[in-house]
Amino acid sequence: MAIRTIHHLRHHLIHHLKPYHHSCLLLNSSVTPQTTASVLWRSVSHSSSIPETGVGSNLKDSSSKSLSNSSLNQTEVAKFAAIAETWWDYEGPFKPLHLMNPTRVSFIRSTLCRHFRRDPLCHQPFEGLKFIDVGCGGGILSEPLARMGATMTAIDAVDKNIQIARLHAETDPLTSSIEYSCTTAEQMVEEQQKKFDAVISLEVIEHVANPSEFCKSLAALTVPNGATIISTINRSVRSFATAIIAAEYLLNWLPKGTHQWSSFLTPEELVLILNRASISVEEMAGFVYNPLSGEWTLSDDISVNFIAFATKSNK
Amino acid sequence: MRTAFLTLRNRRFVFSSGFIQNTVVRDRLLPRGFCSGSTGEELRSSKSESKTEVDEYDVAIVGGGMVGMALACALSNMPLTKHLKVSIVDSNPALLITDSFKRSSIPDSRVSSVTPATISFFKEIGAWEYVQQQRHAFFSKMQVWDYTGLGYTRYNAKDIGIENLGCVVENKVLLHSLLSCFQSNADLHKSIIPARLSAMSLQSPAPYTKSDLPGTEDNNTRKHSGRLAKLDLSNDSSIYAKLVVGADGGKSRVREIAGLKTTGWSYSQNAIICTVEHDVENDCAWQRFLPSGPIALLPISERFSNIVWTMSHDECLERNSMSPDDFIKSVNHALDFGYGSHPHSSFIDKYIGKVSWFSGQSAYSVKEEFQVPLKVTRLVSERMAFPLSLKHARDYALKRVVLIGDAAHTVHPLAGQGVNLGFGDAFSLSKVIAEGISVGTDIGELSVLKKYEMERKRANMTMMAIVDGFQKAFSVDLGPLNIIRAAGFHGAQYITPLKKNIISYATGEQKWPFFT
């Protein structure tokens, strides 16, 4: 099935995708291919990811008080602000995200180590590289990347998220250097502040009103030959069943109404809009939840949660 | 002597550089170049200069015994963890001894029987080469039998195609080897702090409230509290660590302060350990189950072997106070015909043996006859007695604290598995920490430590249950039970797959018993 998916993509996309390389991974357990047990459970077990932020840019509503250049959806902002304080509570509303985090970080680590030719066995492989985390939430992704040596900038449209993230990062010397600011990708492009070696935006694009404009902003923030990493939820029957019905209504993992199924992007659509922004997708992988072990693993199955590693063409 | 070491190093530094300097030398003692002499007064004077810097470590290992040291070595040896700042907190002066032990001296009576799995762990962390330079004794054969004379089992390393079943090494040799290994990897990030743990606070941060948001409160007070455990030491200093590892043995202070509960029981048995001399060379480990507990004879060199003899409190008192000659007599008695006759093979055994033979996978040792163990001639060490108990921590980990080795579990010594389980813990924890670092996690996070706990708890509990089961099965002298036990011996002796399975599990080659 995994092979079929890849095949399907190969024929339909302008840029072909490489299946995800298990061999490049560093350490075993969190990144092994699915076990038989999890296959059995797969049809009911996929869960959605959590919105990592209110927004990156171009939100569906176009009125904002705090950030004039960006259009924020006030209900979205309120939704995330309400649970912002629980970002670092491992047993709180963001628990599924904490469980998923090591898996997505290991994808980022292996793809970026390869792209930037860094030694994956070094404890700080990203030393000297500038990364931006667009839609950083409480800093769940920014902190691990900072520990791996990256010079981190992290932005989020929700002011409260930024305050929580700053406060949490301050307690560790390795993460206290993260530069947090409450802004959007657009605004950063407009201000022409700086560009980044890697632009990472996880679980954000499905909350954005105009994904292709958003991708253009991400591209504008990336240096030539730089990398872009995006993760989101597929618009499939399975994702409707799991990300919405199961995660929001049955398991109560997510507040009801967190996701709009219709605004999800399929991998094909994501590849196309990234391509229009001069970013070509090199690798894709799916995340699969195993309810028996409670762990997420990387997989070829991109029918629900998926992550894409892309590079910006050298223009 | 330990304190003196501090001072001397400091003094040397002061003299050579010409001005008084800082804490770095004092508190980040390089474990290299231990020396002794000097008094405590100088220590106090040097300490007062050092209050300026806060000592922060990534990992503070409380207890520099074999298991704690093994963890330190593993961490300093792996590419993903070698940058970590590791300190070992231990007041044991043995950590300051640098001389190798002479092979000609009489072996110490505290020995461990390390499994092939432990040996490969030692090789991986680079400590085995140091063991090889010192005294150690491999054994490739093992004989287990009981006093009823109804059955026996012989194991041979060749049964599962390995060279040895294990290796008997003095604890001081293991510790010294690990210490040498640790020193060879040592840099400024590694240190041994010669002190005891007196208090510890884990200072988990309060849930964030509005008043915690920046600007509303001075955040400096939180800086060290949120993400570090604070350890107060007996030398009046304090250190901070992201992760505190309790490797401080069965009476773990870390476990006590952290409030981690244990379950377990005492066996109302004591063990006597000692070193004995014999005339014949020995390459076999012997274990005989007697009514009050097993006696084991483990080879430690050509002429010396180690005795671990489990018995009741009263017997222990008696045997500990009898003359060395009488004690040797009772050892020989216990290993030979005492309490019952030698077991013999019956025709049924030969039949079972033949069936296995036809199936084409007969184990090497199936046809080995029962052997009478060698005679010991002389007691060459003190007799040391200690009570036996089983203890298991219900949880191995909290945020920022984790237990390894005897701090997490103590077992009956009858199968010689205790320290091997501890090394298994050290190995597993080092891997889990490396994994956590590869995904940028704070290594003190509970989510990281729980992985270690999950992996080790199952392994440790399985082994403990088996060893405890053996202890109970052999402590009852009852007709029917004796027969079941005899059947067990026969099965283990003649049914090849079962035999191979037992060896693989006991040598640590295989993770779980009875599943392949």
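Read the figures in this text as sums done on the coordinates, not as results from a lab. Owing to the predicted nature of the structure, the values given are computational and were not obtained by experimental measurement. Here the Cβ is made from the backbone with ideal geometry for all residues, glycine too, and neighbour counts use every protein chain on show.
Things to note:
- Note that the range A:146-163 has calculated 3J(HN,Hα) couplings of 5, 5, 7, x, 5, 7, 9, 10, 9, 10, 7, 7, 8, 4, 5, 4, 4, 5 Hz, one per residue in order, obtained from phi through the Karplus relation 6.51 cos²θ - 1.76 cosθ + 1.60 (θ = phi - 60°); glycine and proline are x.
- The mean count of C-beta atoms from other chains within 10 Å of the C-beta of residues in A:156-165, rounded to a whole number, is 1.
- For the range A:64-312, the square roots of the Cα gyration tensor eigenvalues, ordered a ≥ b ≥ c, give a/c below 1.5, which places it in the rounded category.
- Candidate aspartates and glutamates for bridging to B:Lys141, where Cα separation is under 12 Å - those fewer than 8 sequence places away on the same chain excluded: B:Asp159, B:Glu163, B:Asp283, B:Glu368
- Other-chain or far-sequence residues with amide H under 5 Å of B:Val401's (modelled H): B:Val244
- Residue-averaged beta-carbon neighbours from other chains (10 angstrom radius) around A:144-154: 2
- Shielding score for A:171-177, defined as the mean number of other chain Cβ atoms within 10 Å: 4
- Protection-proxy order for peptides B:285-291, A:116-122, A:193-199, each taking the mean of Cβ atoms within 10 Å per residue, highest first: B:285-291, A:193-199, A:116-122
- Pairs exceeding a 25 Å alpha-carbon distance, out of A:Lys312/B:Lys431; B:Lys391/B:Lys451; B:Lys190/B:Lys242; B:Lys158/B:Lys391; B:Lys85/B:Lys457: A:Lys312/B:Lys431; B:Lys158/B:Lys391; B:Lys85/B:Lys457.
- Relative packing of A:100-113, B:266-279, which averages over residues the other C-beta atoms within 10 Å, highest first: A:100-113, B:266-279
- In order along the range B:232-243, the phi-based Karplus estimate (6.51 cos²θ - 1.76 cosθ + 1.60, θ = phi - 60°) of 3J(HN,Hα) comes to 8, 10, 5, 8, 6, 9, 10, 10, 10, 8, 6, 9 Hz; Gly and Pro are listed as x.
- Here the Karplus relation 6.51 cos²θ - 1.76 cosθ + 1.60, evaluated at θ = phi - 60°, turns the backbone of the range B:321-336 into coupling constants of 9, 6, 5, x, 5, 5, 4, 4, 4, 5, 5, 4, 4, 5, 7, 10 Hz, with x for every Gly and Pro.
- Across the range A:232-315, C-alpha contacts under 8 Å between residues 6 or more apart give a mean separation that, scaled by the residue count, equals a relative contact order of 33 percent.
- C-alpha center-to-center spacing [the range B:146-207, the range A:204-261] in angstrom: 49 Å
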